[in-house]
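The structure appears right after this line, and notes come after that.
Nothing in this text is a laboratory measurement; each read-out follows from the coordinates by a stated rule. All values reported here derive from a predicted model rather than from experimental measurement. Cβ sites come from the backbone with ideal geometry, for glycine too, and all protein chains shown count toward neighbours.
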Amino acid sequence: MAGQAVQRSGATGEKKLGVGVIGIGWVAGEHIKAYQQNPHCEVVALASSSRENAQAAAQRHGLPGARLYADWRELLRDPGVDVVSICSMNHLHAQQGIAAAEAGKHVLVEKPVAMSVEDLRTLRRAIEQAGVKSQGGFELHWSPYFQSVHSMIDAGFFGDLHYAECDYFSGNWEQWYAGYDWVKTKEKGGTALAAAGCHAIDAIRQFIRSEAVEVFAYAGNFTGVMEWDPTIVTLIRFANGAIGKVGCALEGNVKYTFNVRLHGSKGTLVNNRFRTTFLDPGLEGWAEFPTILPDTPEVTHHPFPGEIDDLVKAIRADGQALLDIREDAKTYEIMFAAEQSAREGRPVKLPL
Ligand SMILES: NC(=O)c1ccc[n+]([C@@H]2O[C@H](COP(=O)([O-])OP(=O)(O)OC[C@H]3O[C@@H](n4cnc5c(N)ncnc54)[C@H](O)[C@@H]3O)[C@@H](O)[C@H]2O)c1
């Protein structure tokens with residue numbers, strides 16, 4: 001059923017995948033640009049509750065022929081749409097992702113893919129039953145920095161990792177984020193991890209390369225800028241014995257900072273500095289590697305093309321995207337367990 005629609009021909013005569021984008025705000029522009037850079041895709045439809053908003057985006061991105069829908073369900077009925085990017089507000093993601101899969105569309109769901117365990121399971125079931133390809137919205141994985149760290153882990157720079165920390169710190173949302181009015185609410189934004197911290201959970205899970213077996217978290221709301229607790233610290237025990245900490249602070253005067261610390265039997269990484277006996281057993285000092293650190297929330301800086309190219313490759317080769325729902329769900333299980341732990345004041349075992 002998936003990807004049946006026959007599309008426009010490219011220069012080589014190849015049929016291009018028709019792309020539809022739902023929710024035309026800040027991040028949607030970067031998804032559109034990334035699809036436009038991929039030679040196998042053509043953005044053919046945009047859905048926004050405001051037609052003027054969709055029209056302005058079509059003009060801005062040079063898409064005069066794009067079909068514009070005020071109702072996202074109509075976009076899902078468009079036979080020319082093969083792939084859907086869901087870039088709407090957090091509380092709509094699961095519902096729209098489920099409907100997209102049921103309509104036979106491949107789907108990229110922005111984070112958070114769901115705001116409850118039940119919705120996560122329903123989304124996963126819908127994607128699996130439809131046999132469509134999926135990708136979660138953790139594009140940082142394709143950043144040059146993350147790729148460098150993965151290469152260092154692969155090469156054995158740190159030996160066996162036994163402790164890791166990843167942090168997502170970013171304050172003053174009320175001053176800079178255009179979506180602040182919806183994201184601050186429990187109904188539409190959800191929680192600190194749903195709004196942002198899930199990026200750091202996904203990072204620690206991917207660097208440790210093991211699944212979480214137990215989680216404990218404390219959370220607090222110290223400034224009242226959000227309805228939900230903007231600060232949460234999560235401790236994780238992994239199946240391979242490693243332990244880790246994810247810090248998430250979205251209030252106060254904090255500059256956006258995404259920290260990565262990895263400690264292993266042969267070395268340590270602190271953001272872009274490392275110490276290792278792998279290169280030289282006698283080496284005592286720190287070495288620094290040139291990279292682009294993930295040090296801004298600005299979406300124009302984020303590596304969406306890598307994430308989208310990976311999904312398109314999976315669709316064309318009938319393979320699995322890196323953050324396919326089965327993989328992505330493991331990160332969200334940690335997120336939901338952390339939120340449950342903070343609410344109940346006790347450790348929570350995984351899988352849920
Ligand atoms: N992966 C990432 O790095 C990343 C970065 C930014 C945002 N996101 C995710 O993308 C999604 C969209 O975020 P964004 O920053 O683009 O948000 P945004 O507010 O710019 O846009 C979201 C959409 O909601 C619409 N909208 C906003 N307020 C509305 C209202 N009151 N009523 C009806 N519609 C409304 C907007 O027109 C737009 O279509 C979020 O789920 C966010 O978590 C991910």
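Key figures
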{"quantity": "For region 103-137 versus region 166-215, the gap between their alpha-carbon centres in whole angstrom", "calculated": "19"}
{"quantity": "Degrees separating the helix 93-102 axis from the principal Cα axis of the chain, which is the longest one", "calculated": "50"}
{"quantity": "For the chain, share of DSSP beta bridges that run antiparallel, in % to the nearest 5", "calculated": "55"}
{"quantity": "Those lysines that a straight Cα-Cα span of less than 20 Å connects to residue 313, excepting residues fewer than 8 apart in one chain", "calculated": "15, 16, 33, 105, 133"}
{"quantity": "Check: the chain dipole with +1 on Lys, Arg Cβ and -1 on Asp, Glu Cβ, in debye", "calculated": "380"}
{"quantity": "Fewest-first ranking of 291, 331, using other Cβ atoms within 10 Å as the exposure measure", "calculated": "291, 331"}
{"quantity": "Cα extents of the chain along the three principal axes, largest first (Å)", "calculated": "61, 47, 38"}
{"quantity": "Value of Rg/Rh across region 17-132 [Cα atoms, Kirkwood radius]", "calculated": "0.95"}
